[in-house]
Amino acid sequence: MIIHQPERGYRFSIDSVVLAGFAAPFCRGAVLDLGTGCGVLLLLLYRLAPAMRAGTGVDLQEGLLDCARRNFRDHSPEGRLVAVPGDFRGALPGVEPGSFDLVVSNPPYGRAGHGRRNPDAGKETARHEVTCDLPDLFGAASRFLSADGRFAFILPYPRLPEIGPCAAKEAMRVEFVRVVHPRDGAPPSRGLCCAVRGGGGTPRLLPPLFLHDGPGKYAPEVERICRLLRAG
């Protein structure tokens, strides 16, 4: 796949790639991507999950949505992927609550007011909690999920303790967690999580994911997905 994205501003990262690999086994029916950007996460799931019937990507930034629409036209010409403008903290035209089997998100990973501000407005919105925070994200996921749907997302590892209270507020629980390390022996950098409705209990900790398998070389599990984005 050739992915179109803005020449300047926010560009997708390896986080979308590993989230697609993590979410693919849960992917079926209708999928909603909160903060879709250029749409790469939905495109990867579309290739990785045969049970995926349709995908809707939501974003506030019109420039990114233009790229998503072009990518969707190029790689899902039958119209199974669509891009919708709007703020997912509220109602979205044509996006029905309770109608999605899977919600996914690679959300802004920096807390508002923490760290350096990004001078690029698009990057600031995509990377920091300027327009939404983690409770907002869980609220939206809960609102749009079907009764037995799942919510899969990725966050910086230090923010994992925030997930439990956010899930509990929406009567959800964390079902699976997979910790991501840059390489074997390095401290964890990200956490991949899947949440479902209801109940309690301890999340199941899946085997860790190591991104790199040597200098400049992705691990085979990651490389398998990256090949979808490369020519040849």
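The values are calculated or read from the model by the stated rules, or taken from the named source; none is laboratory data. Bear in mind the structure is a predicted one, so any value in this text is a computation, not a measurement. Because the Cβ atoms are built from the backbone with ideal geometry, glycine has one as well, and the counts that use them run over all protein chains shown. The accessibility values were calculated without ligands, DNA or RNA, using every heavy atom of the protein model including side chains. Shrake-Rupley method; radii C 1.70, N 1.55, O 1.52, S 1.80 Å.
Of everything in the range 72-83 that is open to solvent by less than 40 Å² (accessible area, probe 1.4 Å) and at pLDDT 95 or above, the residue that is nearest to CYS27 (Cα to Cα) is LEU81. Of the residues examined, GLY57 is not one that is of a type in the set (Gly, Ala, Ser), within 19 Å of PHE138 (Cα to Cα) and part of a loop (DSSP other than H, G, I, E, B). Hey, any hits in the range 177-195 for a residue that's open to solvent by 70 Å² or more (accessible area, probe 1.4 Å), part of a loop (DSSP other than H, G, I, E, B), of a type in the set (D, E, K, R) and under 25 Å from GLN5 (Cα atoms)? Checking the range 177-195: not a single residue is open to solvent by 70 Å² or more (accessible area, probe 1.4 Å), part of a loop (DSSP other than H, G, I, E, B), of a type in the set (D, E, K, R) and under 25 Å from GLN5 (Cα atoms).
So if I check each of LEU64, LEU45, which one is assigned to a helix (DSSP H, G or I), in contact (Cβ under 8 Å) with a residue 24 or more places away in the chain and within 12 Å of the chain's Cα centre (by Cα)?
Going through LEU64, LEU45 in turn, just one is assigned to a helix (DSSP H, G or I), in contact (Cβ under 8 Å) with a residue 24 or more places away in the chain and within 12 Å of the chain's Cα centre (by Cα): LEU45.
The number of residues in the range 196-210 that are open to solvent by less than 60 Å² (accessible area, probe 1.4 Å), aliphatic (A, V, I, L, M) and more than 19 Å from ASP136 (Cα to Cα) comes to 2.
Taking the residues in the range 130-148 that are assigned to a loop (DSSP other than H, G, I, E, B) and touching a Lys or Arg at 6+ places or on another chain (Cβ under 9 Å) as candidates, determine which candidate is modelled with the lowest pLDDT. Among those residues, the one meeting the criterion is THR131.
Cβ-Cβ contacts under 6 Å between residues 6 or more apart (or on different chains), taken from a first residue in the range 154-170 that is within 22 Å of SER13 (Cα to Cα) to a second residue that is open to solvent by 50 Å² or more (accessible area, probe 1.4 Å) and not hydroxyl-bearing (Ser, Thr, Tyr), are listed as ILE154/ARG190; TYR157/ARG190.
For the condition farther than 27 Å from PRO135 by Cβ, touching a Leu at 6+ places or on another chain (Cβ under 8 Å) and either surrounded by fewer than 24 Cβ atoms within 10 Å (Cβ to Cβ) or polar (S, T, N, Q) (or both), what is the one hit in ARG47, ARG8, ARG53?
Sole residue among the options that is farther than 27 Å from PRO135 by Cβ, touching a Leu at 6+ places or on another chain (Cβ under 8 Å) and either surrounded by fewer than 24 Cβ atoms within 10 Å (Cβ to Cβ) or polar (S, T, N, Q) (or both): ARG47.
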